[in-house]
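Since the structure comes first, as structure tokens, the remarks are kept for the end.
Just so you know, all these numbers are worked out from the coordinates, no wet-lab data involved. If you're wondering where the values come from, they're calculated on a predicted model, not measured in any experiment. Virtual Cβ from ideal backbone geometry, glycine too; neighbours counted across all protein chains shown.
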Amino acid sequence: MPNPHTAEHQDQCQPANAQTSVALTRADLPLHCPQPGTALWASHPRVFIPIEDAPDGRMICPYCGTEYVFTD
């Protein structure tokens, strides 16, 4: 269920794909996009991205094109 209070805190949210490359570590797994803090109105359906299976440690969200880089 969407957070009914998201509109009250728009200054604390960012639009989807505001950051085009995101570095993450094992503590950030499981990886999903959009990330916490993304404005509800600007987001897309949550998709889990299996970055730990990527041979080069990089994956791109199929919805918004954000690149995730695994730095563990």
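Brief remarks follow.
- Take the Cα of LEU29, step 7 Å toward its Cβ, do the same at ASP53, and the gap between the two points is 1.2 nm.
- If the segment from ALA42 to SER21 were pulled out straight at 0.36 nm per residue, it would be longer than the present Cα-Cα gap by 5.8 nm.
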